[in-house]
Amino acid sequence: MAAVELRHLRYLLAVAEHGSFSRAAEVLYVSQPTLSQQIKQLEHVVGAQLLDRSSRAVRLTDVGVAYVDHVQRALREITAAERAVNDVQDLSRGHLRLGVTPTFIAYLVGPLAAGLQLRHPGIRLTVSERSQNDIEACLLADDLDVGIAFAGSHAPGIAADVLFSETLGLVASRSHADELPDPLPVRALDSEHLALLSADFATRKYVDAFFAEHRVEPRITLEANSIQALIEIVHRTSLATVLPDAVAHDHHHLAPVPLDPPIPARSVVLLQREGAYQSAAAAAFRRLAHDLVESRGYRPPPA
């Protein structure tokens with residue numbers, strides 16, 4: 001009896017994903033008759049019909065659904081095995097896929113990328129800005145190697161390594177900050193005009209919860225879905241915002257304004273899939289991340 005080959009499995013996944021032999025054939029760069037014949041060979045070897053071809057859109061049969069679930073897991077392990085073989089322990093080459101939540105783009109990714117390039121110039125870095133849920137899903141699917149996000153309730157199979165404690169605070173232009181009390185009572189925010197991240201950011205939800213807890217209702221004059229846009233706006237207007245203190249420290253034209261009481265700190269964590277193969281590049285990145293936050297004076301999480 002013929003054996004199942006990797007190309008059979010990848011062809012099946014492509015048809016299942018696109019719901020069409022013609023579209024899958026285009027993506028795979030094979031002819032449609034060849035693809036159809038390969039799938040029939042696979043079904044013959046498996047001894048069951050895996051695809052329902054009776055309607056316009058091709059769908060997995062019940063047996064196909066069960067089979068594909070195992071195939072996806074097997075292919076993830078095969079991909080990890082290929083990376084393990086290709087991994088060079090002396091770090092002369094390698095590839096690291098990093099996912100980060102948006103606020104870290106503003107102050108953490110740049111120094112991390114610079115440090116990695118300095119220490120290990122042979123490692124290629126791919127950075128993806130994603131929500132925390134997307135990062136965890138991509139780690140579980142082996143589409144990312146490492147994530148940077150916040151401590152909390154993580155998906156089953158995700159391991160978190162605490163990195164540092166991120167503090168949030170009011171940030172304003174230096175001229176506007178000089179006009180405000182130090183510290184600024186939280187109640188005084190009722191009379192402040194703020195520019196904030198839009199509601200789809202986890203940081204905005206965290207800030208809104210703080211405002212609600214202290215029963216303050218700042219005048220939200222502007223919302224943005226870009227931290228860089230907020231930085232520029234605050235720099236050039238009398239609006240203030242709420243961002244990680246590290247953002248203000250990295251921009252000389254901005255100044256942090258301490259609040260009383262302060263916004264509670266959040267624990268920043270490195271995320272990986274439990275039990276996943278850790279490449280030399282991923283291990284080197286973890287060491288770099290811990291060294292960097294220590295050198296920059298970021299606070300350790302509370303004991």
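The values are calculated or read from the model by the stated rules, or taken from the named source; none is laboratory data. In this text the structure is predicted, and so the values were computed from the model without any measurement. Positions of Cβ are backbone-derived with ideal geometry, glycine not excepted, and every protein chain shown enters the neighbour counts. Protein only, heavy atoms only, side chains kept; ligands, DNA and RNA dropped before computing areas. Shrake-Rupley method; radii C 1.70, N 1.55, O 1.52, S 1.80 Å.
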By the C-alpha gyration tensor axes a ≥ b ≥ c (rounded if a/c is under 1.5, else prolate when a/b exceeds b/c, else oblate), the shape of the range 1-102 is prolate
What are the equivalent ellipsoid semi-axes of the range 101-188, built from the alpha-carbon gyration tensor (square roots of five times its eigenvalues), in whole angstrom, biggest first? 32, 20, 11
For Leu50, other-chain or 5+-apart residues with amide H closer than 5 Å (H placed, Pro excluded) are none
Between Tyr277, Tyr29, Tyr206, where does the largest GNM mean-square fluctuation fall for the chain, given springs only between Cα atoms within less than 10 Å? Tyr29
Less than 14 Å from a label point 7 Å out along the Cα-to-Cβ axis of Ser22: which backbone N atoms in the range 39-73 qualify, by residue? 56-58
Cβ-Cβ FRET estimate between His44 and Asp143, R0 fixed at 35 Å, reported to 0.05: 0.65
Whole number in Å², please: accessible area per residue of the chain, 1.4 Å probe, ligands, DNA and RNA not counted. 51
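Taking all protein chains as present, what is the carbon and sulfur share of the accessible area of the range 1-67, in % to the nearest whole number, probe 1.4 Å?
Reported share for carbon and sulfur atoms: 52 percent.
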Translational D in µm²/s for the range 254-303 (Stokes-Einstein at 10 °C, 1.306 mPa s, Kirkwood Rh from C-alpha pairs): 115
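Grab the Cα-Cα distance for Leu180 and Arg124, subtract it from 0.36 nm times how many residues apart they are, and report the gain in nm with one decimal.
Between Leu180 and Arg124, full extension yields an extra 15.7 nm.
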Rg ratio (alpha-carbon, reference 2.2 N^0.38 Å) - the chain: 1.28
Could you give the DSSP H helices of the chain that reach 30 angstrom or more along their long axis (alpha carbon positions) and whose average Kyte-Doolittle hydropathy is no lower than -0.5? 62-86
Under a GNM of the chain (C-alpha, springs under 10 Å), which listed residue has the highest mean-square fluctuation: Ser55, Ser238, Ser173? Ser55
